[in-house]
Amino acid sequence: MKLGAPERAVLLAFADDEHLMGQRHTEWIGVAPFLEEDLAFSSIAQDELGHAVALYELVGGHDTEIDAYAFGRDRSAWRSCWLVEQPCTDWAAALVRHWLYDTAEWLRWEALSGSADERVRAVAERALQEERYHRRHADALLDALVGDEEADRRIGEALDHLLPLAVALFDAGQEASGADVTVVGPPLVELVNPWRAEVDRRFGPRPWSSVEPPAGHDRAVRSQHFDEVHDRMREVISLDPTATW
Amino acid sequence: MRTYEVFLKREGKDEFRHAGSLDAATPELALVLARENYARRAEGRLMWVVDRADILTADESFLAPNVDRPHRHNDGALVAARRRAQRESS
């Protein structure tokens, strides 16, 4: 089955999200709050990078040079949402984003798991297995923290900051409009309600009417934080384009 | 934080073996962190995670009287010799 441009746009947006989420999570290597978490969070980051590779292959076909595609593309070709471009240097923010993102990610993979395209279906089914664990990990950490005064305050602050960015994730962008639902599932925007219900269940009812995407949010436009993460992940390849690692 | 001991069992007839330990704030966290810290490369097909405080332990003084019991270390040589002698005489 050949994917059309709108379907590829849906998958590219997802791939770029996964790639940057993985890159941002890896920033906690060596500095997570405790050793066991350090390893677990980095391992989850690797899973997300693995999902990005699988999605980039679907977008570009199996002969795609993944490194060239992932690291060499012009910044104007990126379609990530701004949530994954955020630095989140506070652990509370990183943890809350982990939960918000993975809950959305779960719904996105579920939508793809019913695809008429068997390659898409296979990637989704594999990813769902990993996501089941990712979500359990995020919930277990939050369960341990909820009820502690300082934790509740910091989680609340992180939610205030991140929810507008998180709802913006559900805009797949103009290029994705009209994508075949039998291939990529329902439009991303339709997943926002089930996601909100999950957020309400986890953190208590939120005032959704006042949660608006940040002004100017557009997957075709890079946020102010993109260059920093993009430069960092290109550090090696910028020094030596032929380097292998 | 509590300390947990992690045991893994490979596919097949191997028994559960001690894989290591970790600190975790809750039992659920112990389980999810044990998965990443000790089983992320498919080192086991089944996993036990046990709160160290729940393990019954015996110290040296409890086990010491068993150290000096040479008569319990039977290598079977004596029995083998008697069987051989019986075979030869019959």
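The values are calculated or read from the model by the stated rules, or taken from the named source; none is laboratory data. Keep in mind it's a predicted model, so treat the numbers as computed, not measured. Here Cβ is always computed from backbone atoms with ideal geometry, including for glycine, and neighbour counts include all displayed protein chains.
Scanning region A:19-44 for residues that are more than 11 Å from every other protein chain (Cβ to nearest Cβ), of a type in the set (A, V, I, L, M, F, W, C) and under 15 Å from the mean Cα position of the chain (by Cα) yields a count of 2. When the criteria are applied in full, A:Pro87 meets the requirement of being in contact with a His (Cβ under 9 Å, 6 or more places away or on another chain), within 30 Å of B:Ala34 (Cα to Cα), in a loop (DSSP other than H, G, I, E, B) and of a type outside the set (Gly, Ala, Ser).
Restricting attention to region A:223-245 and to residues that are within 22 Å of the chain's Cα centre (by Cα) and either surrounded by 17 or more Cβ atoms within 10 Å (Cβ to Cβ) or more than 22 Å from A:Cys88 (Cα to Cα) (or both), the residue that is modelled with the lowest pLDDT turns out to be A:Met233.
Can you find a residue that is assigned to a loop (DSSP other than H, G, I, E, B) and more than 22 Å from A:Arg135 (Cα to Cα) anywhere in region A:191-204?
no
The residues in region A:216-245 that are of a type in the set (Asp, Glu) and either in contact with a Ser or Thr (Cβ under 7 Å, 6 or more places away or on another chain) or in contact (Cβ under 8 Å) with a residue 60 or more places away in the chain (or both) can be counted, and the count is 2. Which pairs do you get when a residue that is over 19 Å from B:Glu15 (Cα atoms), found in region B:37-63, comes within reach of a residue that is outside any helix (DSSP H, G or I) and of a type in the set (Gly, Ala, Ser), reach meaning Cβ atoms under 9 angstrom, with the pair 6+ apart or on two chains? That search, which allows pairs on different chains as well, returns B:Asn37/B:Ala19; B:Asn37/B:Gly20; B:Arg52/B:Ser21. Every test in (1) away from every other protein chain (no Cβ under 14 Å); (2) assigned to a loop (DSSP other than H, G, I, E, B); (3) out of contact with any helix residue (DSSP H, G or I) (no Cβ under 9 Å at 6 or more places or on another chain); (4) surrounded by 10 or more Cβ atoms within 10 Å (Cβ to Cβ) is passed by B:Ala81 save one, and that test is (2).
Would you pick out the residues in region A:107-153 that are charged (D, E, K, R) and more than 14 Å from chain B (Cβ to nearest Cβ)?
Initially, region A:107-153 is screened for residues charged (D, E, K, R), giving A:108, A:110, A:117-119, A:121, A:125-126, A:130-132, A:135-136, A:139, A:143, A:148-150, A:152-153.
Selection gives A:Arg108, A:Glu110, A:Asp117, A:Glu118, A:Arg119, A:Arg121, A:Glu125, A:Arg126, A:Glu149, A:Glu150, A:Asp152, A:Arg153.
Sort out which residues of region B:29-67 are of a type in the set (A, V, I, L, M, F, W, C), over 17 Å from the mean Cα position of the chain (by Cα) and surrounded by 12 or more Cβ atoms within 10 Å (Cβ to Cβ), and write them in order of number. Matches in region B:29-67: B:Leu29, B:Ala30, B:Leu31, B:Val32, B:Leu33, B:Ala34, B:Ala39. Across region A:54-91, the qualifying residues are those that are surrounded by fewer than 19 Cβ atoms within 10 Å (Cβ to Cβ) and β-branched (Val, Ile, Thr), and the one among them that is farthest from the other protein chains (Cβ to nearest Cβ) is A:Thr64.
Each row is one residue, and each column tells you yes or no for (1) within 14 Å of the chain's Cα centre (by Cα); (2) surrounded by fewer than 17 Cβ atoms within 10 Å (Cβ to Cβ); (3) within 25 Å of B:Asn37 (Cα to Cα).
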site	(1), (2), (3)
A:His98	yes, no, yes
A:Leu107	yes, no, no
A:Glu125	no, yes, yes
A:His137	no, no, yes
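Which residues, taken from region B:13-24, are within 9 Å of another protein chain (Cβ to nearest Cβ) and surrounded by 18 or more Cβ atoms within 10 Å (Cβ to Cβ)? Step through it out loud before you land on a result.
Step one: filter region B:13-24 for residues within 9 Å of another protein chain (Cβ to nearest Cβ), giving B:22-24.
Within region B:13-24, B:Leu22, B:Ala24 meet the criteria.
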